[in-house]
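The numbers here are math on the coordinates, done by the rules we state, and not lab data. Just so it is clear, the model here is predicted, and its values are computed rather than measured. All Cβ positions, glycine included, derive from the backbone under ideal geometry; neighbour counts span all protein chains shown.
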Amino acid sequence: MKKILLNLLLITFSIYTYAQNPIHQIDSLVAFRVADYELSGNVLVAEKGKIVYQKSNGIANSVTNKPVTSASAFHLASVSKLFTSIAILQLYEKGKLNLNDPVKKYVPELDNGAITISQLLSHTSGLADYQILEKPYSQDTSKIFTLIDIPLAINNDKNAFRSAPGEKWSYSNPGYNLLALIVEKISKTPFPDYLSKNIFKPAGMLHTYISTPLIKVDDPERVVGYDYLNFAPWVLQRADSLRQNHIELLHIDGLVGMGNVVSTSEDLLKFDRALYAGKIIKQSTLDKAFTPIRLNNGELAVTGWRNTTSYFGLGWCILKDSTYGKVVFHTGGMPGAVTAFIRNLSKDQTVVVLNNVTHRSTHGTAMSLMYLLNGGAVQTDKKSVANEFVRTLIKHDVNTAWARLNSIKADTAHFRLDEREMNMNGISMFFNNYKEKGVEVLRLNTVLFPNSANVYDSLAMALDASGDKPNAILMYKKVLEINPNLKSAINALEKLKSD
């Protein structure tokens, strides 16, 4: 009897130990995110340069059915900005520039003489984002932008600056294009070649390079980037095949400095080790990069949300929560790529997450991995009632979907119900070969949010497009009962009545 009790105690202790082991907790979170269609790609966790967890999930290429492997190469999106920051800081170390120099000193074609290199690095220059390219793109919709287009676009846009330099923190991709241009002008070397010679090769990053629509690199390990249908996330669509992504992926992506570095999870670990070893930059210079920037009013520049809330330095985010040490990082996101590179400087820990599907929760997941590694908790997000309903509807039938809805809508501790999210799902289904079920979702939204003109307006639009003119008229009338001044509904109703 004692032997049986002892064995039971050992089994219980083993289960408890397994559950409390950080690596097992990390694996459980990764598995959960994959099963929930929120993660597809590579995850790497290291301590003191040694890989303690590594996992590959998902499809690298849906046509060939090639899976993601540890050798897969991913578009890094804005994690690429770290290399631009290092390049500028290398030139600073060599005495080729000062961080407080005006940008115009090196880019004389830029009209603005006030913004500084430091402000570009820290996103405090006041420079807008790619709205500055709207006018030049409208003038030539076949254009693929390059670095030489950026100064002119800024000069010709009266709204190119959102605020005075140093006044606010405001994310600006064109700012990093200007930094890449500075690197080219000082080094007299194309930016991709500069990074290869001065960062990638010295760090041993043999599978890292820049790729744009104008710079083709043949890499059999390069993954394809995918978007997905929110109501059916198991259905992947090539991100570059979708019209809404064409401007970003086929035209703006001719630029460098802000993105377009392709790398692997293991190469990023080599980058991490090179930073610690001082192979590509001095520690004293990195200390400057890891120091939060102060705005003109003396406040620290802050960005991020939830478990990624952070200060901002010279190209690096500095996690505000220092419970587990000083954590610096950068994330990236674009159609077909969501990425994170996180370093705990106090404990020499590294987390890399590279996702080739546009899962926006990737950043929170990556930081949760760092928290779990240190005995912390996972960021818990409420699940979407809208997604649960539409995905059940697609997989099963309307009765099963309604049963699922009724079982979860009152559980506000774990689920959130959002009118706009349900509406967008319904519209997306309607226009993606699920017309009947899309109408069902839009009709449900009028029951859930009966005082919203928007939900009736969307249902009326779908009914009209389906040829159900009488009910479309009724829905537009309902819209105008709630919002008598909604022009689009007034015009649509007049057109229906006149047909």
Query raised in the report: Taking the mean number of other Cβ atoms within 10 Å as a proxy for protection, how do you rank 21-29, 373-381, 426-434, 70-78 from highest to lowest?
Result: 70-78, 426-434, 21-29, 373-381
Query raised in the report: What's the FRET efficiency of H414 with I23 using the Cβ-Cβ distance as r and R₀ = 25 Å, to the nearest 0.05?
Result: 0.40
Report task. Could you name the lysines whose alpha carbon sits less than 28 Å from that of K495, not counting residues in the same chain fewer than 8 places away? Result -> K435, K437, K469, K477, K478, K487
Query raised in the report: Per residue of the chain, what 222 nm ellipticity follows from adding -39500 (n - 2.57) for every DSSP H run with n ≥ 4, rounded to the nearest 500?
Result: -12500 deg cm²/dmol
Report task. On a C-alpha basis, how far is the centre of the stretch 363-386 from the centre of the stretch 447-499 in Å? Whole number, if you could? Result -> 41 Å
Query raised in the report: Among 447-453, 328-334, what's the highest-first ranking by average C-beta atoms within 10 angstrom per residue?
Result: 328-334, 447-453
Query raised in the report: Roughly how many whole Å is it from the C-alpha centroid of the stretch 414-445 to that of the stretch 254-330?
Result: 39 Å
Query raised in the report: Any idea which of S488, Y130, V68 is furthest toward the positive side of the dipole for the chain, if Lys and Arg beta-carbons carry +1 and Asp and Glu beta-carbons -1?
Result: V68
Report task. May I ask for the distance between the Cα centers of the stretch 140-180 and the stretch 216-249, given as a whole number of Å? Result -> 26 Å
Query raised in the report: Is there a pair in K55/K135; K81/K143; K188/K288 whose C-alpha atoms are over 32 Å apart, and which pairs would that be?
Result: K55/K135
Report summary line: Non-local residues with an amide H under 5 Å from the amide H of K383, with H modelled 1.01 Å from N and Pro and chain starts lacking one, are F415, R416
Query raised in the report: the stretch 121-257: Rg/Rh from Cα coordinates, Kirkwood Rh?
Result: 1.00
